[in-house]
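Working notes for the structure below.
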Amino acid sequence: MSNSTDLSRLEFILEMIEDIEYIIVRYKSISAAIEDRIGKHALLMCLMQIGESLNKIESPALKDKLPVKGAYDVRNFIAHDYEGVDTGLIENILRYLIPELKETLFELKG
C-alpha cells in the first residue's frame, strides 16, 4: 500500500473501531450501549465515520478487499434516516461485521 492518504484513512478507521470497542466496554454490552441515548449516538457517529472513510479509499486493490459499498450504505442510512435506524441491524453490524473489518484492516497493514 503506497498511498499515504489511504493508509491514513485505514488508521482512522481503526481508531473508530477502537472507539466502538471502548463504548461497548464502558456500557458492558452492545445492547446496553445502543439502548442508552449517548451510547447510541456515539456508536452511530463512529459507524458513519467508518463508512465515509472507506468510501474515500482511492486504491482499487484496497477497495476490492474492503466492504466499501456496504459501509457507505450504512453511513447513508444513518445520516438520512437517523430516527428510523434499525437498532437490531446496528447491533449485528457491531457484533459481527466490525470485528471482521478490524481483522481485514490488520491483514492489509501487514
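Only the coordinates and a few stated rules stand behind these numbers; no lab work does. Predicted model only: the values in this text are computed from it and were never measured. Note that we place each Cβ from the backbone using ideal geometry, even for glycine, and neighbour counts take in every protein chain shown.
Descriptive notes on the structure:
- Across the stretch 81-110, the number of residues qualifying as of a type in the set (S, T, N, Q) and either over 16 Å from the mean Cα position of the chain (by Cα) or more than 20 Å from Ile13 (Cα to Cα) (or both) comes to 1.
- Complete set of residues in the stretch 38-55 that are in contact with a helix residue (DSSP H, G or I) (Cβ under 6 Å, 6 or more places away or on another chain), more than 18 Å from Tyr96 (Cβ to Cβ) and not aliphatic (A, V, I, L, M): Gly39, Lys40, Gln49, Glu52, Ser53, Asn55
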